[in-house]
Amino acid sequence: MRVHDAYELVFGQDAVVVHRTERTGSGGHPIYADDTGIVLAEISDRGEVRMLRSGGYQDPVFRVQARPVQPHTR
């Protein structure tokens, strides 16, 4: 699987789009963030997701699916 510029993270019935940042996580994979910077995730080239804390009092979610977001073409 290749690295994508954006993913949709699915948490049960909720979803949020995250975009690739210039940072990498402790596993060496890109870190993705939503537009607010609150949702952070390290996503491997195999689509494995590791949620990251962006502040205090957050409990990381363990069951998250990452779906690549295809770039819009015109």
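Any idea which residue in segment 64-74 is modelled with the lowest pLDDT, counting only those that are in a loop (DSSP other than H, G, I, E, B) and within 19 Å of His19 (Cα to Cα)?
We begin by selecting, within segment 64-74, every residue in a loop (DSSP other than H, G, I, E, B); these are 64, 69-74.
Next cut, within 19 Å of His19 (Cα to Cα) only: 64, 69-73.
Numbers: Val64: 91, Val69: 92, Gln70: 81, Pro71: 74, His72: 63, Thr73: 53.
Across segment 64-74, the extreme among qualifying residues is Thr73.
Can you spot a residue in segment 31-38 that is among the charged types (D, E, K, R), under 10 Å from the mean Cα position of the chain (by Cα) and not in a loop (DSSP other than H, G, I, E, B)? Give the derivation first.
Step one: of segment 31-38, the residues among the charged types (D, E, K, R) are 34-35.
Narrowing further to those that are under 10 Å from the mean Cα position of the chain (by Cα): 34.
Next, from what is left, pick out any that are not in a loop (DSSP other than H, G, I, E, B): none.
Among the residues of segment 31-38, not one is among the charged types (D, E, K, R), under 10 Å from the mean Cα position of the chain (by Cα) and not in a loop (DSSP other than H, G, I, E, B), which makes the answer no.
When each of Arg50, Arg46, Arg2, Arg20 is tested for being in contact with a Gly (Cβ under 9 Å, 6 or more places away or on another chain) and either of a type in the set (Lys, Arg) or within 16 Å of Gln70 (Cβ to Cβ) (or both), the lone residue that passes is Arg50. Looking only at segment 15-63, residues that are at pLDDT below 95 and among the aromatic types (Phe, Trp, Tyr) come to 2 in all. In segment 3-17, the residues that are under 15 Å from Val39 (Cα atoms) reach residues that are small (Gly, Ala, Ser) and in a strand (DSSP E or B) with C-beta atoms within less than 7 angstrom, at least six apart or across chains, in these pairs: Tyr7/Ala66; Glu8/Ala15; Leu9/Ala15; Leu9/Ala41; Leu9/Ala66; Val17/Ala6.
Just wondering, is there one or more residues in segment 47-62 that are surrounded by fewer than 13 Cβ atoms within 10 Å (Cβ to Cβ), touching a residue at least 12 places away in the same chain (Cβ under 8 Å) and among the charged types (D, E, K, R)? Within segment 47-62 (the criterion being surrounded by fewer than 13 Cβ atoms within 10 Å (Cβ to Cβ), touching a residue at least 12 places away in the same chain (Cβ under 8 Å) and among the charged types (D, E, K, R)), the answer is yes, since at least one residue qualifies.
Condition (residue is exposed (fewer than 13 other Cβ atoms within 10 Å of the Cβ) and of a type in the set (D, E, K, R)) applied to segment 36-44: is it met by at least one residue? Break it down stepwise before answering.
Filtering segment 36-44 down to residues exposed (fewer than 13 other Cβ atoms within 10 Å of the Cβ) leaves 36-38.
So of that shortlist, the ones also of a type in the set (D, E, K, R) come out as none.
No, segment 36-44 has no match at all.
The values are calculated or read from the model by the stated rules, or taken from the named source; none is laboratory data. These numbers were taken from a predicted model, which means no experiment stands behind them. Please note: Cβ atoms are built from the backbone with ideal geometry, for glycine as well, and neighbour counts cover all protein chains shown.
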